[in-house]
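*Asks:* My structure is below; once you've seen it, I'll send some questions.
Rule-based calculations on the coordinates, nothing more; no lab input. For clarity, every value in this text was computed on a predicted model and none was experimentally measured. Reconstructed Cβ throughout: ideal geometry from the backbone, glycine too, with neighbour counts over all protein chains shown.
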Amino acid sequence: MSKLSLRELYLDELRDLYDAENRLVKALPKLAKEAESQELRSGFEEHLEQTKGHVERLQEIFEAMGEKPSGKRCAAMVGLIQEGDEMMDEDFETGVKDAALISAAQRVEHYEIAAYGCVKTWAGLLGEKEAQDLLQQTLNEEKETDEKLTEISEAINTDAMGSVSGKSTVQDEDQSEVPRPRGKSRSAKA
Ligand code: FE
Ligand code: FE
């Protein structure tokens with residue numbers, strides 16, 4: 001067996017991602033259909049469109065390298081999607097199903113973030129400047145999606161806890177030492 005070069009590893013992982021993204025193009029409509037919250041559903045639909053773009057970017061990279069995109073099966077994505085499918089077979093209380101969907105989707109995003117981070121770095125090392133830019137664009141979209149899912153999950157998790165309305169508004173906040181929840185409520189200080 002010959003030893004793999006960095007370029008071969010890079011190609012291998014790109015093919016892995018190509019397979020993963022194509023699987024997601026098929027899986028995301030199902031997630032969207034399962035979502036109870038309108039916001040979550042349109043989030044999935046939006047990411048489906050982005051994901052089609054991720055496939056195209058990878059195709060572009062393969063074309064420029066004169067290589068074929070196919071030939072690898074992403075076992076991790078097969079497993080992540082399967083776990084999501086199994087979860088959807090359960091019965092859930094209101095809001096809990098969406099919490100489960102977000103949990104499944106964020107596992108996927110974190111996998112992609114790790115993978116794109118690596119191939120992007122290798123593209124740079126191998127002098128593949130255009131590929132590096134394309135991979136960086138996808139990486140940014142995966143990170144944004146992950147953050148958006150976290151944002152959406154705040155309301156959904158509250159819902160899932162069964163404490164929907166009225167609660168958790170910080171009352172006496174004039175000089176509260178209460179640590180603020182991340183991300184939110186750092187806007188208007190008045
Ligand atoms: Fe993607
Ligand atoms: Fe993604």
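*Asks:* Give me the net charge for the shell around Leu28: Cβ to Cβ below 12 angstrom, other residues only, Lys and Arg +1, Asp and Glu -1.
*Replies:* 0
*Asks:* Could I ask something else about it? Based only on other Cβ atoms within 10 Å, what is the fewest-to-most ordering of Leu101, Leu139, Leu28, Leu9?
*Replies:* Listing Leu101, Leu139, Leu28, Leu9 from fewest to most nearby Cβ atoms yields Leu9, Leu139, Leu28, Leu101.
*Asks:* At a 10 Å Cβ-Cβ cut-off, how would you order Arg15, Arg7, Arg107, fewest neighbours first? Before the final figure, lay out each step's value.
*Replies:* Details: Arg15 20, Arg7 13, Arg107 16.
Lowest to highest Cβ neighbour count: Arg7, Arg107, Arg15.
*Asks:* Separate question: Of all the Cα-Cα pairs you can form in region 6-161, what percent are over 24 Å apart?
*Replies:* Counting every Cα pair in region 6-161, those more than 24 Å apart make up 34 percent.
*Asks:* Going down the table (Lys3/Lys148; Lys52/Lys129; Lys30/Lys143; Lys3/Lys52; Lys33/Lys68), which pairs top 30 Å between alpha carbons? Could you put the intermediate results ahead of the total?
*Replies:* On the way: Lys3/Lys148 41 Å; Lys52/Lys129 22 Å; Lys30/Lys143 21 Å; Lys3/Lys52 33 Å; Lys33/Lys68 33 Å.
In this structure, Lys3/Lys148; Lys3/Lys52; Lys33/Lys68 lie more than 30 Å apart at Cα.
*Asks:* Take Val96, Val25 and order them by how many other Cβ atoms sit within 10 Å, fewest up front.
*Replies:* Lowest to highest Cβ neighbour count: Val25, Val96.
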